[in-house]
Amino acid sequence: MKIKYSVVVITGANRGLGAQFATQMLERGAARVYAAARRPESVDVPGVEPISLDVTDQQQVEEAARAVGQADIVINNAGFSSFARLIDGEMRDIRREIDINYFGALRMVRAFAPAMRKRGRGAFLNVSSVMAWLGYEHSNSYGASKAANWAMSNGLREELAGAGIQVSSMLLGSTDTDMMAGIDVPKNRPDELVATALDQFEDGVNEILADDAATILKAGLSGDPGRFVE
Ligand SMILES: NC(=O)c1ccc[n+]([C@@H]2O[C@H](COP(=O)([O-])OP(=O)(O)OC[C@H]3O[C@@H](n4cnc5c(N)ncnc54)[C@H](OP(=O)(O)O)[C@@H]3O)[C@@H](O)[C@H]2O)c1
């Protein structure tokens with residue numbers, strides 16, 4: 001899906017990767033960029049149109065879809081990691097990850113897809129994570145929610161086949177945003193990562209491997225997952 005002249009909606013566009021997506025969409029010639037955020041006053045990207053949107057609120061999602069009308073591209077970027085463990089983390093945190101990372105994206109798709117289907121044109125970019133493919137300390141309940149997001153993209157691609165709608169899933173490893181602020185590991189630069197992802201998105205890639213971690217883990221998926229356990 002070409003970005004030039006397109007109408008784009010980005011969730012969680014007030015910071016981190018969402019703000020980068022908004023910036024680079026404008027740089028690539030998008031006609032209009034709706035920067036959706038829970039606090040639209042916190043959106044700080046010149047040239048975008050901030051809109052109020054909590055992806056856990058069905059009514060707000062439907063209102064956003066009505067307000068935007070016809071979107072060419074929806075980027076389901078909003079995400080949350082509680083760093084809860086599966087075995088003894090708070091169920092409230094684990095549910096919240098699923099509600100934002102899976103149901104939030106699904107709510108957006110269900111609200112925006114009907115207008116795309118009518119026009120026979122549109123694209124979703126669903127931001128998953130390499131944690132969908134890997135067990136890692138304090139990222140496992142988050143990983144389960146991102147695996148659901150990844151499976152959602154595979155399923156939507158099948159359900160929307162022939163409708164003229166691109167469904168891209170984006171896989172990435174640790175990147176230097178607030179989400180990873182407390183974690184001392186090597187990190188991607190958000191600007192470089194988003195540029196790589198958008199190049200692939202514009203090429204119509206279904207599964208966007210946005211960094212080396214995604215590429216290496218994808219290549220190793222046929223191996224025994226037990227080999228990652230220390
Ligand atoms: N950074 C990484 O290493 C990494 C790795 C793999 C995947 N990802 C994924 O990349 C995406 C962007 O993450 P990031 O690194 O930019 O994280 P971030 O800096 O923590 O930003 C998260 C964004 O999601 C928004 N958000 C959270 N809950 C929301 C809700 N209920 N409704 C609407 N917006 C909500 C936040 O808004 P508020 O400001 O209102 O909280 C914020 O804009 C996420 O899906 C994340 O899971 C990140």
* Asked: Hey, in the GNM for the chain with a 10 angstrom Cα cutoff, which one of Asp57, Asp178, Asp88 fluctuates hardest?
  -> Asp88
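Using Cα pairs closer than 8 Å and at least 6 residues apart in sequence, work out the relative contact order for region 7-228, in percent. Could you put the intermediate results ahead of the total?
Values: 410 pairs, mean separation 38.1, N = 222.
It comes to 17 percent, rounded to a whole number.
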* Quick one: if you stick a label point 7 Å off each Cα along the C-beta vector at Tyr136 and Ala219, how many nm between them? -> 1.8
* Structure fact -> Checked against the positive end of the charge dipole of region 7-228 (+1 on Cβ of Lys and Arg, -1 on Cβ of Asp and Glu, about the Cα centre), the farthest of Pro225, Ser168, Tyr142 is Ser168
* In 5 Å bins starting at 0, how do the alpha-carbon pair distances of region 28-103 split up by percent? -> 3, 13, 21, 21, 16, 11, 8, 5, 2, 0
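Counting Lys and Arg as +1 and Asp and Glu as -1, each charge on the Cβ, what is the dipole of region 173-230 about the Cα centre in debye, to the nearest 20? Walk me through the intermediate numbers first.
On the way: 4 positive and 13 negative charges, 45 e Å.
Here region 173-230 has a charge dipole of around 220 debye.
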* For the chain, built as a Gaussian network whose Cα springs stay under 10 Å, the top-fluctuating residue of Tyr102, Tyr34, Tyr136 -> Tyr136
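Under the 0.36 nm per residue contour assumption, what length would be gained going from the current alpha-carbon distance of Asp44 and Thr56 to full extension?
That works out to 2.1 nm of additional length.
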* Asked: Gain in length, Asn154 to Arg95, computed as 0.36 nm per residue apart minus the alpha-carbon separation, to one decimal in nm?
  -> 19.0 nm
* To do: Between the alpha-carbon centers of region 15-33 and region 193-226, tell me the distance in whole angstrom.
  => 21
* Treating the beta-carbon of each Lys and Arg as +1 and of each Asp and Glu as -1, no other charges, what is the dipole magnitude of region 7-228 about its Cα centre, to the nearest 20 debye? -> 660
* **Rounded D (µm²/s) - the chain, Kirkwood Rh over Cα pairs, Stokes-Einstein at 4 °C, 1.567 mPa s** => 73
* Structure fact -> Cα extents of region 136-230 per principal axis, largest first, Å, are 43, 32, 22
* **Positive dipole terminus of the chain, leading residue within Ala123, Ala84, Ile183 (C-beta point charges)** => Ala123
* Asked: Among the lysines, which fall within straight-line cross-link reach of Lys4, defined as a Cα-Cα distance under 28 Å, with same-chain neighbours fewer than 8 residues apart omitted?
  -> Lys118
* To do: Along Cα→Cβ, 7 Å out, is where each label goes; now give me the distance between the ones at Arg227 and Arg110 in nm to one decimal.
  => 4.0
* To do: Run down the lysines and flag those whose C-alpha is under 16 Å from the C-alpha of Lys218, throwing out any fewer than 8 positions away in its chain.
  => Lys146
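Every number in this text was worked out from the coordinates using simple rules, so none of it is lab data. Just so we're clear, the structure is a prediction, and the values are computed from it rather than from any experiment. We place every Cβ from the backbone using ideal geometry, glycine too, and count neighbours over all the protein chains shown.
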